[in-house]
Amino acid sequence: MNRRDFFKLLGIGGAATLTGCSSQTPERLIPYLVPVEEIIPGQATWYATVCRECPAGCGMLVKTLEGRAVKVEGNPDHPVNRGRLCARGQASLQGLYNPDRIRQPLLKDASGQFKPLSWHDAEEWLAIRLKELRAQRREIVWLTPHLTGALDQLIDRWLQAFGSKRRLRYEPFAYEAIKVANKLLFGLEAVPTCDLQSSQLIFSFGSDFLETWISPVMYSREFAAMRAYEAGRMGRFIFIGPRRSLTAANADRWVSVPPGSEGMIAAGMVRVIIAEGLWRGVPKGELDRIKGLVDRYTPYLVSQATGITPQDLEALARAFAEADPGLALGGGAAESGRYATATVAAVNLLNYVTGNIGRTIRFGPLSSLSRLSPHRELATLIQAMNDGEISALFFSEVNPVFSLPRSAGFEQAMDNVPLIVSCGSFMDETTAKATLVLPTHTPLETWGDDESWEGLYGLMQPAMEPVFETKPLGDLLLSLAKRSSDSQAAAFTEESFYEVLRNRWRELHRRVRPETEFETFWSEALARGGVFQETHPRRISLNLGGLAKAFQWLQTLGRPDNLILLLYPSINHFDGRGANRPWLQELPDPLTQLTWDSWLEIHPEDAQRLAISEGDLLKVRSPYEEIELPAHLSTGVRQGTVAAPIGQGHTAYGRYADPDDLNANGFGEKRRGGNPFALLPVEPDGGSRGLRLAAPVTLTNTGMKYPLASVSGSVRQHNRGIAQAISLAELGSGEPELDTRHLQLDTRQMYPPHEHPVHRWGMAIDLNACTGCSACVVACYAENNIPVVGKEQLARGREMSWIRIERFEEGPVDRPGTRFIPMLCQHCDNAPCEPVCPVYATLHNSEGLNIQVYNRCVGTRYCSNNCPYKVRRFNWFTYPWPEPLHLQLNPDVTVRESGVMEKCTFCVQRITAGKAKAKDEGRPVRDGEIVPACAQTCPTSAIVFGDLKDPTSTVSRLSHNPRRYRVLEHLNTQPAITYLKKIIPDSEQ
Amino acid sequence: MMQNEIDMFGRKGGGRPVDASPFAQPDRHSARPLSVFRIIAIILLPLVIFITIAESGVFRPQNEAPAQPIDFSHKIHAGTYRISCLYCHTNARRSPVAGVPSVQRCMGCHKITAADRPEVRKLKGYWDRKEPIPWIKIFGQPDFVAFSHVAHVRAHVACEDCHGPVQKMDRVHRAVDLTMDRCLSCHRDRQASIDCVTCHR
C-alpha cells in the first residue's frame, strides 16, 4: 500500500463511519408544497432594506438563500453609504439569529421571575391594563430609540388614543451640543450636512467621524475621496483632542490638548484669522462683534491653557484660513464635555469666519438626528417617574438602565412605575426590569421606513420569515389598541402595520411623483431600497446675540488635579448594543488590538506615577460610582487623561455580552470590566444640558492581574517594511525611488514558474485609503463561515480571521504615526506554504490562487509554520454555531472541522459564480464583476480585486502605480497582492 | 455551567466541573497510561474501518432501494411515459440544486390522472393535509463538494451518467459510483476543469 492509497482509505473510512451513523435516520428531501415564485432553490434572492444598527440609516441589501438571510451588503443605490457597510452593519445578521433572542412573551410573577405565556394571553393581559389606565386618565410614556417614518407616527398616534403624549426618542449620543449651538448661532436646532469630500483641510475637534460620529460609512467614503492623491496634492486632516482615536490615527497630525480646551483653540484660531485679515465673507459689522468676543483668547492665553505654543496656534489658524474650503468639525469628547455647547459654537464660528458655512457645512439636507429628545426631557421623565406621575412605561430597543449614569437614577425610578412593558428582541438591563416583555421582530424581519436625512426615504421590507414567534411592533400596537376598546378599534382602521406604512408612502407618492401609478412607485421603491430626493440647503445668517450667549460658557481652564476619564463609543459596540454579537466581540479593536473586553487606556507616564502596569485590574472611582477596569498602557491618551470604550459591562444582555457568563471562572477568574456609563456625572453641560461623556476619576490598583486577549504582535515594524509610506514631496518629484532595503532579491527558483493561461487573480490595497475600520474583517466572517473562538483561544493566538487589520506605530514613541494594513493570504506565486504540504492539500491553481483543499488536509500545520505572512488559520476544535446562528452559514462555503487548515480564498465561491455567469452570457469576465466580501464592503474602496492578466483592469493599473510595493518582497514569494504606500503629507506647520 | 448543558459555543458541558470554563478545553495534559484496551483499540480501529470500507461505501453503488413515503415509480414516469427529467426536476437547468418537484406540480397531473390509484391517493392525502412529502435522499455529495446541476446540464451531461438508468427503476437506487474518481475521469474525458476549487471550496 502506498501513501496515497493509505490516505484514500483513511478518508473513505472516515466517511463510511459517518454514513454508518446517519443511515439510521436517512436524509430527507422536503419539497415545496407550492413553490414560491421568486425563490429558486440554490439561487440567492436579494431584498433591499435599511440598516438599523445605529441611527445613520445606511441602505442595505440582504442576500437570502432558500428563505434565510445569509449575508448583508450595502445598497449601492442608497446615497448615504453607496453600497458599503461598517463592521456593525455586517454583524446585523447576528442580531437576527442571536441565540439569546426572546422567543415568547414573558410576564413577571409575584416572585419577580419571568414566566412565559402565550401571545393571546399576553395581549389580553395588557389590553385589560390599558383599558383601566385609559379609564383613569393615567399617563403612559413611550421610549424608543431614534425612529422616523411610519412606526414613529404610529406610536405618537397610539399614545394620543390613550390620552398621553409623552414620547421620547432616546439615544445616548444625541449630538445635543451641536443642535443647541446651531440654534444659538444660526437659529436652527439641527445637525447639518458636513461635506468632507470638497474640503482641502479638515480640522476635527474631537469628532470621530470615521468610527461612530453621525454617519461613519458616508464620512469614511468622503474622507478617502478627499485624501486621494491627485497631481501632487491631497486633502489634509488635523485632529485636535485629548485622545488618539482611530480617526485621529488617520490624521496627518494629532494635536494633543486637555479635554474641554478644544473650544479655546478654535476661538484662539478665530482671533488669529481676524487679526491677520485672513477671514472670508464676513460683513464688517459682524466682524467687529466677533473680534470683541474672541479678543481675550490670545495665543498666549490659549497656550497657557492647552500647551500649544503660540506659534503653533498661529500656524494652524493660517493653514485653516488658506484652505479653500476647509472644514472644522466638533464632536466626541469636545461635544460631550463640560463646555460642549461653547466648544461647538467656537468651531462653528471658525467655519463662519473662513466662509465654510454654506459651502462645506450646509443646513440642508438636515439629519433626522435633529429630532432626538434632549437629555433634559429624560431627566424630567425620571423626576415624573419618581413622583408617581407615570402609570405605564413602554419602551422598545432602548437600554437607559445601561446607558445612563447610574446616579441619574433611572433604574430606581422604574420601581415607581406600576406597569413597564418592553417590546424588543433581546433581554437587557432595562428589559430585565419590565413587568411584561413582548418580543418583537428584528429590523430584518419587518416592514418599515427610515428617513435618515431630509429627502432620503429608505424603505424596509422583511428579508425572511420571522426566526421566532415574535411580532412586529407596529402590528402589536394596532392589535393592542383594538383589543382595549371599541372606540380605539374605530380609530385604528388599518388591518396591519403594512397598511399604515403604505398609507404613509401614498402621501409621499403624491408629494414626489404623482405622475406614476402608486403600485409602480411602491414596487420601484422596494426594489431600489427607497426614494431619494435632492434637498437644497437653507440660507442662514449668524445671530450675534446667540453667539455671545454661547461664548459665555467658554471658560478658561485651570489645570485639573484629578485624572479625567473620557468615554468613547466603541467602533465595535457603539453604545453597547453591539455587545451581544459574537463577531463584534471577536473583532479586535483596531487601535488596541484587544478583544472581548473593555479596558482603561492610561498614558505610560501616568501609569508609572501611579505604579500601574499593563493588565492591572483597577478600581476606577468617580464622584458618582465605582467600577473595575483593566489597565492598558497607551500613548494614545494624553497625560492626565484616561479613556475607556463604551459598550461592555453588561449584566443581562445574553451570553456573549455578559461578563459573568464568559469570564466568571474561565479566564483568570476575573470578570470583564464594568460599564463605564455608570461613572458619568448627571449634571449636564452648561449650554445644551446634554449628557457628558467625561468625569474626574481616581484610580486604585487592586493588585490583581487581569488577562487581556490581544491579537497584536509588535506595534513596531522593526524595519521590516510591512506597512510602508511615502512623503508627498517624494511622490510629487516624478519617479519615486523604490524602497530597496528589502529588495536584495534572489529570483532563482527550484521550480518552473506557474502558468496562468486565462486569469491571474490579484488584489491592490491602498494604504492611503484604509482607515483601519475593520468592516472587511466582519464581512469575511459572514461570507466564509469563519468560527468565533472566544477570548481564551484568542489569547492563545488561535484567532480564525482570514483577514486582519495590523496596526503599526512609526516615529517618536510618545507621538507616533499610525499605519494600518489589511493582512490576508497574499496568494503568492512562489508560495512557501505549498511545497511543505505532505498531502498536496495546498497548491497553486491555474488562475494564481493558492488553494486549500479541506478534505485533503490532515492538519500537519507545516504550511502555517512556513507562511511568512501568518495568515493561515488552524481549526484546533470544531467550533459549532449555537442555534439559530447556524442558519446564517453560507452554503457555498464548506464549514470546516477540527484538524483542518484554512485561509483566505479570495472568495473563490464568488470567482466561480462570476465566471459561470460570464460563461452563460457568452462573454469574458468583466473587470469589477467579481468582488470579494472584503472589497465589497470597504467604506473607502481601499481594496480592489481583479484579473492581473487583463492589462486594462483597475487592479493591473494599480499594480503599476508609483506607490506600489509588496510585503516582504525580499523573500521572493511574489504575492498577488500589491499594496500602495500611505502618503504622508509634508509637515508645514 | 451545569453539567450536560450546552455552552456558548455549543459544546456539551459533559463531565466538566460546574465552574469549568465556557471555552472548553479537552484534557490534553492528562497523563493516562496506555491501557491494554487502548492498545487493542488502536490496532483494531483501522481494521474495523477497513472492513467497513470493503463492505459498503458512501458513494459506491448501492443495490438496496429504500422504501419511499409514496411508491413513486420513475419507470412509469420517465420510462413508459417518457416524461423529460427536467419537467419535474426543473431547477436543474437554472440552479445548482435540481430539487424535487413541489407537491403542487405532482397534483398538476394527478388531480385527474390515475386519481383512483392507492399511491396517488397517498399523494392527494399529502396535498389535502398541506404537508410536503418527506422523500428519502438517494443521491448526494458530502458538504465539502460543491456540485452544480446547472453547469452539468448546460454542458450536455446526460442525467443518466450520474443517476443511472432511473427510467428503468420502480424504486430508485444508486446504481452508479459517485466517487471523485468518476467525477475526475469524466472531467478529463471532456476536458473540463480539474482544478480542485472547481468542486472543493
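Only the coordinates and a few stated rules stand behind these numbers; no lab work does. For clarity, every value in this text was computed on a predicted model and none was experimentally measured. Backbone-built Cβ (ideal geometry, glycine too); neighbour counts: all protein chains shown.
I need B:170, A:475, B:116 ordered by Cβ neighbour count within 10 Å, fewest first. Intermediate values should be presented prior to the final figure.
Details: B:170 12, A:475 19, B:116 6.
So the residues, fewest neighbours to most, are B:116, B:170, A:475.
In debye to the nearest 20, how big a dipole does the protein assembly as shown give about its Cα centre with +1 on each Lys and Arg Cβ and -1 on each Asp and Glu Cβ? Don't jump to the answer; show the numbers that get you there.
Numbers: 135 positive and 130 negative charges, 298 e Å.
So the magnitude is around 1420 debye.
Note on residue A:705 and residue A:386: the extension gain reaches 110.7 nm, defined as 0.36 nm multiplied by sequence separation minus the Cα-Cα distance. About its Cα centre, the dipole of segment A:563-710 is roughly 120 debye, where the only charges are +1 on Lys and Arg Cβ and -1 on Asp and Glu Cβ. Dipole magnitude for segment A:176-371: about 160 debye, using +1 per Lys or Arg Cβ and -1 per Asp or Glu Cβ, origin at the Cα centre.
At q = 0.19 Å⁻¹ the log10 of I(q)/I(0) for segment B:117-201 amounts to -0.97, computed by Debye summation with a single uniform scatterer per C-alpha, solvent ignored. Computed from the Kirkwood radius of its Cα pairs, the Stokes-Einstein diffusion coefficient for segment A:725-984 at 4 °C and 1.567 mPa s stands at 66 µm²/s.
Any aspartates and glutamates with Cα under 12 Å of the residue A:917 Cα? List them, leaving off those in the same chain fewer than 8 positions away. Cα-Cα hits under 12 Å: A:929. Once Lys and Arg get +1 and Asp and Glu get -1 on their Cβ, which of A:105, A:192, A:648 lies farthest toward the positive end of the dipole of the protein assembly as shown? Farthest towards the positive end: A:105.
Extension gain for the segment residue A:878 to residue A:296, taken as residue separation times 0.36 nm less the Cα-Cα distance, is 202.9 nm to one decimal.
Just to verify a number: FRET efficiency for residue A:730 and residue A:957, C-beta to C-beta distance, R0 = 30 Å, to 0.05? Computed FRET efficiency for residue A:730 and residue A:957: 0.90. Each pair of Cα atoms in segment A:176-371 enters the Kirkwood radius, and Stokes-Einstein at 37 °C and 0.692 mPa s then converts it into a translational diffusion coefficient of 200 µm²/s. With the simple model of a label 7 Å out from the Cα in the direction of the Cβ, residue A:280 to residue A:926 spans 3.9 nm. For the protein assembly as shown, the normalised intensity computed at q = 0.04 Å⁻¹ comes to -0.24 (log10 of I(q)/I(0), Debye sum over alpha carbons, equal scatterers, no solvent). Think of it as helices only: each DSSP H run of n ≥ 4 in chain A is worth -39500 (n - 2.57), and spread over all residues that comes to -8000 deg cm²/dmol at 222 nm. Considering all C-alpha pairs of segment A:563-710, those separated by over 28 Å amount to 13%. The aspartates and glutamates whose alpha-carbon is closer than 16 Å to the alpha-carbon of residue A:549, local same-chain residues fewer than 8 away aside, are A:189, A:286, A:295, A:685.
Reported to the nearest whole Å, the Cα centre-to-centre distance from segment A:180-220 to segment A:456-482 is 33. Separation of the alpha carbons by more than 18 angstrom is noted, of A:63/A:471; A:791/A:903; A:115/A:433; B:122/B:168; B:75/B:124; A:870/A:903, for A:63/A:471; A:791/A:903; B:122/B:168; B:75/B:124.
Our coupling estimate for segment A:908-925, obtained by passing each phi through the Karplus curve with A = 6.51, B = -1.76, C = 1.60 and θ = phi - 60°, is 4, 5, 6, 4, 4, 5, x, 5, 5, 5, 4, 5, 4, 8, x, 9, x, 5 Hz, Gly and Pro reported as x.
Partners of residue A:919 within straight-line reach, counting lysines whose Cα lies under 19 Å from its Cα and excluding those fewer than 8 residues away in the same chain: A:949.
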